[in-house]
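Student: Provided herewith is a single structure, encoded as structure tokens, for subsequent inquiry.
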Amino acid sequence: MSPSSRARRAAPGRARRARPRQRSALAALTVAVLGALLPGTAYLVARRIRLGTLLTTLSIALYGGAAYVGLRRRDDVITWALDPGLLLWMVAGLGALALVWIVVLVTSYKMLRPLTVGPGSRVLGSLVIGLVCFGMVASTAMGADTLMAQRSLVQKVFSGKGSKSQTRPTITPRDDVWQQLPRVNVLLLGADDGEDRQGTRTDTVMVASIDTKTGNTALISLTRNWMRMPFPADSPLHKVYPTGFWDPAKGDKDQPDYYLDAMYRMIPAKHHGIIGPSDNEGADILKLSIGEALGLKLHYYVQINLAGFAQLVEALGGITVNINYPVPVGGNDDKKIPASRYLQPGPNRTLNGTDALWFARGRYNVPTGDLARQARQRCTVKAIVERATPQNVLSNYEAIAKAGEQLIRTDIPQNLLAAFVTLGQRVKTAKITNIDLDKKKNYPNGRNPNYAGMRTIIQQALNPSTKPKSTPTTPRHTTTTKPTTKPTTNAADLTSACAYNPGPPG
């Protein structure tokens, strides 16, 4: 074959290879950057057909799989996000994906860039590609931080396989959890362990009784100064306190060391290990006693450290509440220390973390004292539920997760977290009500509450169509308060109870 024939055969090949390099440097840079949105497409433009087709197909499959999982397998996504081991693999996978993404971007630009460009174009191209790679690394790092924050939260807050509890129910996660628990009762504790206190006091005590099918939730508030809290007849504590948690030798008078808010610290200190091994003995004791007092089986507890509560509200971006009367910030009735300032009345007040904390707990010179505070605490819970939208939680997730590590203790096990997240979504769109335990009839003071009357009210509120059943109770000191003969069901809608109605608490 003559040299001229070889030249004619080679010329078309050289033209085909050179054609992609005939575009401008700016066009090459634009194609490479846009190609990062769908890796592989820039390879196709550069005539690397096989490799480009493979990468583009894989990219489309990855996007399609992500869309399918996000739209049709949300429960699985929740389950994965609550598995510490799987979260670690997700971090590794995210790093590998980012590395492949950067390699594809850089090689795409090198294949598309003209062979001969000026130094200015080279510097500009390198700068743009470097910035895009930096953005990829930064976004990957943010994603990895979020996954690690989630992993740390799950491991530090929620109970693992080795956790110990004397009151937690036995649930089979493989079956439908909420068929096993058609109604779940969760004890909510606000623990105050400030510097001026010896030990921890649970100043805030509520029970959330949740219909797991509808998400409808009834909140029951307990008063901190209740005495004679009962224990189940089969509990070792019943032998120690057969007539409830109080000291009969001191007579029928206030005994602060025997208040409900003192049980968490006092009983474990006096009778450590009496109920058996427990990760949080005080919480388990409260679950037993409060469940007996209210006629409910308390399945789980969630304990929040009030001293750090402000962090959670700040992480959520604040909460919005209606303030109907001046709420004190600070102050002490017993020591006659006045409040430093007041949260002023008004509708739709946005509160930061500190103000939200005092809205929930302030009571200096407030009429009806603890009852007014309980009402505001229920409104605070409602405001947090409303504020915790998926968008808000995701955008502030790392801060929320870190706050949660410091604030929350619970005996909810890790293997039930996905079910509780699903239940939480139902609660968010369902009805939240308050069950009024009738202070005038059942506890005009805290020295000898009528727990039998409270149990009747709760049974009628939770099961209005059924006739109240008598609940076995611990033999107690003869009550001086008459039982409620005509118990009334009072499940007030919190939307109305927390509305803006200026005036002092009733």
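The values are calculated or read from the model by the stated rules, or taken from the named source; none is laboratory data. Everything numeric here is computed off the predicted structure, so don't read it as measured data. Cβ atoms come from the backbone with ideal geometry, glycine included; neighbour counts cover every protein chain shown. Heavy atoms of the whole protein, side chains included, go into the accessibility calculation; ligands, DNA and RNA do not. Shrake-Rupley method; radii C 1.70, N 1.55, O 1.52, S 1.80 Å.
Student: So, in region 389-414, of the ones that are outside any helix (DSSP H, G or I) and modelled with pLDDT under 80, which residue ends up farthest from A208 (Cα to Cα)?
Tutor: Out of the qualifying residues, it is N396.
Student: Follow-up question, since we're still on this one. Please verify whether region 120-139 includes one or more residues that are touching a residue at least 60 places away in the same chain (Cβ under 8 Å), surrounded by 17 or more Cβ atoms within 10 Å (Cβ to Cβ), not in a helix (DSSP H, G or I) and not β-branched (V, I, T).
Tutor: no
Student: What about D279, is it modelled with pLDDT under 95, outside any helix (DSSP H, G or I), open to solvent by 50 Å² or more (accessible area, probe 1.4 Å) and touching an Asp or Glu at 6+ places or on another chain (Cβ under 8 Å)?
Tutor: Details: modelled with pLDDT under 95: yes; outside any helix (DSSP H, G or I): yes; open to solvent by 50 Å² or more (accessible area, probe 1.4 Å): yes; touching an Asp or Glu at 6+ places or on another chain (Cβ under 8 Å): yes.
For D279, the condition - modelled with pLDDT under 95, outside any helix (DSSP H, G or I), open to solvent by 50 Å² or more (accessible area, probe 1.4 Å) and touching an Asp or Glu at 6+ places or on another chain (Cβ under 8 Å) - is met.
Student: Here is a further query. Out of everything in region 220-263 that is assigned to a loop (DSSP other than H, G, I, E, B) and of a type in the set (D, E), what residue ends up being modelled with the lowest pLDDT?
Tutor: D252
Student: Additional query: Would it be correct to say that L294 is out of contact with any Pro (no Cβ under 8 Å at 6 or more places or on another chain) and under 24 Å from C498 (Cβ atoms)?
Tutor: Details: out of contact with any Pro (no Cβ under 8 Å at 6 or more places or on another chain): yes; under 24 Å from C498 (Cβ atoms): yes.
Yes.
Student: Does D284 fit the bill of being at pLDDT 95 or above and open to solvent by less than 30 Å² (accessible area, probe 1.4 Å)?
Tutor: Values: at pLDDT 95 or above: yes; open to solvent by less than 30 Å² (accessible area, probe 1.4 Å): yes.
Yes; evaluated as a whole, the condition is true for this residue.
Student: Take the residues of region 451-465 that are surrounded by 21 or more Cβ atoms within 10 Å (Cβ to Cβ) and of a type outside the set (G, A, S): which is farthest from D493 (Cα to Cα)?
Tutor: Per the criteria, the residue is Y451.
Student: Just the residues that are of a type in the set (A, V, I, L, M, F, W, C), part of a helix (DSSP H, G or I) and surrounded by 14 or more Cβ atoms within 10 Å (Cβ to Cβ), please, taken from region 140-174. Let's see the steps before the verdict.
Tutor: Let us first name the residues in region 140-174 that are of a type in the set (A, V, I, L, M, F, W, C), namely 141-142, 144, 147-149, 153-154, 157-158, 171.
If we keep only those that are part of a helix (DSSP H, G or I) as well, we get 141-142, 144, 147-149, 153-154, 157.
Residues satisfying the conditions are A144, L147, M148, A149, L153, V154, V157.
Student: So which residues in region 51-73 are free of Cβ contacts under 8 Å to residues at least 12 places away in the same chain and touching a helix residue (DSSP H, G or I) at 6+ places or on another chain (Cβ under 9 Å)?
Tutor: Selection gives L51, L62, V69, G70.
Student: Pairs needed: first member in region 386-401, under 13 Å from T429 (Cα atoms); second member anywhere, open to solvent by less than 50 Å² (accessible area, probe 1.4 Å) and at pLDDT 75 or above; C-beta distance under 6 Å; at least 6 residues apart or different chains.
Tutor: Qualifying pairs under 6 Å: R387/L316; R387/I319.
Student: Suppose we filter region 321-353 for residues that are in contact (Cβ under 8 Å) with a residue 40 or more places away in the chain, of a type in the set (S, T, N, Q) and either in a loop (DSSP other than H, G, I, E, B) or open to solvent by less than 70 Å² (accessible area, probe 1.4 Å) (or both); how many remain?
Tutor: Qualifying residue count for the region: 3.
Student: Mind checking whether some residue in region 422-440 is closer than 25 Å to N225 by Cβ, among the acidic types (D, E), touching a strand residue (DSSP E or B) at 6+ places or on another chain (Cβ under 9 Å) and modelled with pLDDT of 90 or more? Don't jump to the end; show me each part of the working.
Tutor: Step one: filter region 422-440 for residues closer than 25 Å to N225 by Cβ, giving 433-440.
Now restrict to residues that are among the acidic types (D, E): 436, 438.
Checking which are touching a strand residue (DSSP E or B) at 6+ places or on another chain (Cβ under 9 Å) leaves us with 436.
Next, from what is left, pick out any that are modelled with pLDDT of 90 or more: 436.
Yes, there is a match, as at least one residue in region 422-440 is closer than 25 Å to N225 by Cβ, among the acidic types (D, E), touching a strand residue (DSSP E or B) at 6+ places or on another chain (Cβ under 9 Å) and modelled with pLDDT of 90 or more.
Student: I'm checking my understanding of the structure. Among residues of region 303-320 that are β-branched (V, I, T) and either part of a helix (DSSP H, G or I) or buried (at least 20 other Cβ atoms within 10 Å of the Cβ) (or both), which one is modelled with the highest pLDDT?
Tutor: I319
Student: Here's something else I'd like to know. In region 415-437, how many residues are open to solvent by 50 Å² or more (accessible area, probe 1.4 Å), assigned to a helix (DSSP H, G or I) and of a type outside the set (V, I, T)? Before you say what the answer is, go through the steps one by one.
Tutor: From region 415-437, those open to solvent by 50 Å² or more (accessible area, probe 1.4 Å) are 415, 421, 425-426, 428-429, 431, 436; that's our starting set.
Going one step further and asking which of them are assigned to a helix (DSSP H, G or I), we end up with 415, 421, 425-426, 428-429.
Then drop every residue that is not of a type outside the set (V, I, T), which leaves 415, 425-426, 428.
Residues flagged as open to solvent by 50 Å² or more (accessible area, probe 1.4 Å), assigned to a helix (DSSP H, G or I) and of a type outside the set (V, I, T) within region 415-437 amount to 4.
Student: Among the residues of region 365-380, how many are farther than 20 Å from L219 by Cβ and either outside any loop (DSSP other than H, G, I, E, B) or at pLDDT below 85 (or both)?
Tutor: Residues that pass the stated criteria total 0.
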